[in-house]
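Below is one structure, written out as structure tokens; comments come after it.
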Amino acid sequence: MLEDRPYLISRVFESTSEQESNWSFLACHFHESLDSKKRLLDEELEEEEEEEEEEVENRAKRKKSLQQSNTSDTQGTKRPLDDSNGSNNFNRLTGDIIINCLLHLSRSNYGAVASVNHVFRSLIRSGEVYQARRQLGVTEHWVYFSCSALEWEAYDPYRGHWIRVPKMPGSPTENFMLSDKESLAVGTELLVFGQELNSYIVQRYSILTNSWSPGVVMNSPRCLFGSASLDGKAIVAGGTHGRTILSTAELYNSETQTWETLPNMSRARKMCSGVFMDGKFYVIGGIDSDNKVLTCGEEYDLKRCSWRLIPDMSAGLNGASGAPPLVAVVNNELYAAHYANKVVLKYNKENNTWVTLGKLPERSVSMNGWGLAFRACGEQLIVIGGQRGCHGGMIELNSWVPNGGPPEWDMIASKHSGSFVYNCAVMGC
């Protein structure tokens with residue numbers, strides 16, 4: 001199998017330039033490995049023909065023997081990809097072999113691989129490759145964010161690449177474009193929630209097809225909720241339905257595209273945030289029906305299917321007129337961006353307190369926390385923000401890998417764009 005080949009490398013890289021060269025190396029050897037497997041198969045067939053020529057006395061019997069041999073080979077091949085074209089270099093490779101090769105390529109390369117033939121394209125779009133990646137723990141984290149009503153940007157921080165995302169479709173009226181929208185990345189999907197007149201709608205972007213389509217609406221539609229995803233599933237909690245502030249929660253399964261109603265939280269809240277930590281889902285902060293800021297958090301145990309109230313978990317992280325708490329989890333440690341003081345905080349699980357680590361990036365401006373994104377992206381924390389200058393808006397992505405010391409931010413990318421981040425989500429698959 002390909003795991004035994006010496007050119008396979010780890011998915012963790014020391015620098016973007018190192019990763020770029022290694023992925024190119026892999027892409028080259030991916031095609032070389034396919035050619036070598038084809039040559040091996042051809043050599044085996046040639047040997048079989050020579051043996052048959054020695055044993056069979058006439059041409060008719062030899063031809064019949066070859067047909068029987070080919071039939072036997074086809075039946076013994078697991079998941080044959082394509083036998084319609086004898087000249088196809090990949091017609092004798094199995095789906096398992098191809099998926100095994102793709103597991104060691106960046107998903108940035110999958111578009112090029114899908115263009116090889118319809119069989120490769122079918123494998124990519126079926127989602128089988130991503131299911132195999134998940135089972136083996138192979139994950140790449142891409143950042144998706146929107147600085148315009150219907151437009152999204154995507155960035156691969158490991159390769160330093162911008163990825164083109166098709167424009168999100170509009171609606172019969174402009175209500176969805178102008179409404180408050182929430183975003184959530186789960187599995188291979190980016191979900192965008194909003195309102196259209198008196199109804200709630202969901203737009204679903206799939207990286208398998210690189211296209212938008214209508215998504216599945218929740219059992220209890222809402223906006224201004226807290227959410228987070230883990231292993232192809234996501235939980236949303238709280239939010240508003242019309243003028244009603246909710247305590248309800250739901251679980252989304254991206255493989256079945258279905259919603260499951262969960263037990264209610266202890267408190268109804270809107271403008272809250274959600275994270276997964278230590279395999280449990282946490283709702284942090286928010287505002288209650290009396291417009292008071294909630295300092296308590298809640299923990300949902302997926303095994304016990306129950307909530308636990310955590311007093312003072314989000315004290316001081318947000319205000320009544322500010323954005324929801326800017327929180328993110330890296331290596332099961334919870335961090336927060338305090339937008340008023342422009343500092344990074346770390347949560348102490350043992351005594352339920354926050355400790356100041358250091359400053360946010362200098363150019364991470366916001367309007368009471370609005371317009372600034374603070375996200376976990378694999379092993380790193382990423383801050384996305386910018387400011388408008390004389391030549392238009394500029395957005396910047398700053399990264400820091402927590403190491404126990406004060407933050408040392410590196411600007412990993414910048415782009416002319418709107419300077420206000422409306423929505424942001426990180427997709428790991």
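The values are calculated or read from the model by the stated rules, or taken from the named source; none is laboratory data. The shown structure was predicted, so the numbers you read here are calculated from the model rather than taken from an experiment. We place every Cβ from the backbone using ideal geometry, glycine too, and count neighbours over all the protein chains shown.
Okay, here's what the table says:
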item	result
So Ser220, is it assigned to a loop (DSSP other than H, G, I, E, B) and either of a type in the set (Lys, Arg) or in contact with a Ser or Thr (Cβ under 8 Å, 6 or more places away or on another chain) (or both)	yes
Unique match (being in a strand (DSSP E or B), crowded, with 20+ Cβ neighbours inside 10 Å and touching a strand residue (DSSP E or B) at 6+ places or on another chain (Cβ under 8 Å)) among Leu317, Leu309, Leu334	Leu334
Output for the stretch 293-342, where each listed residue is touching a Ser or Thr at 6+ places or on another chain (Cβ under 7 Å), of a type in the set (Phe, Trp, Tyr) and within 27 Å of Tyr422 (Cα to Cα)	Tyr339
Entirely in the stretch 102-166, the strands (runs of 3 or more DSSP E) that have 2 or more residues that are small (Gly, Ala, Ser) and assigned by TED's automatic domain parsing to the domain that holds Met411	none
Any hit, the stretch 201-213, residues being touching a helix residue (DSSP H, G or I) at 6+ places or on another chain (Cβ under 7 Å), assigned to a strand (DSSP E or B), over 26 Å from Leu262 (Cβ atoms) and in the same structural domain as Val293 (by TED's automatic domain parsing)	no
Inter-residue pairs, beta-carbon under 7 Å, first farther than 24 Å from Gly239 by Cβ and of a type in the set (A, V, I, L, M) and in the stretch 157-186, second at pLDDT 90 or above and assigned to a loop (DSSP other than H, G, I, E, B), 6+ apart	Val165/Trp152
Number of positions in the stretch 279-300 that are farther than 16 Å from Lys233 by Cβ and either of a type in the set (Gly, Ala, Ser) or not in a strand (DSSP E or B) (or both)	11
Complete set of residues in the stretch 372-394 that are at pLDDT below 95, surrounded by fewer than 22 Cβ atoms within 10 Å (Cβ to Cβ) and either assigned to a strand (DSSP E or B) or not assigned by TED's automatic domain parsing to the domain that holds Val344 (or both)	Gln387, Arg388, Gly389, Gly392, Gly393, Met394
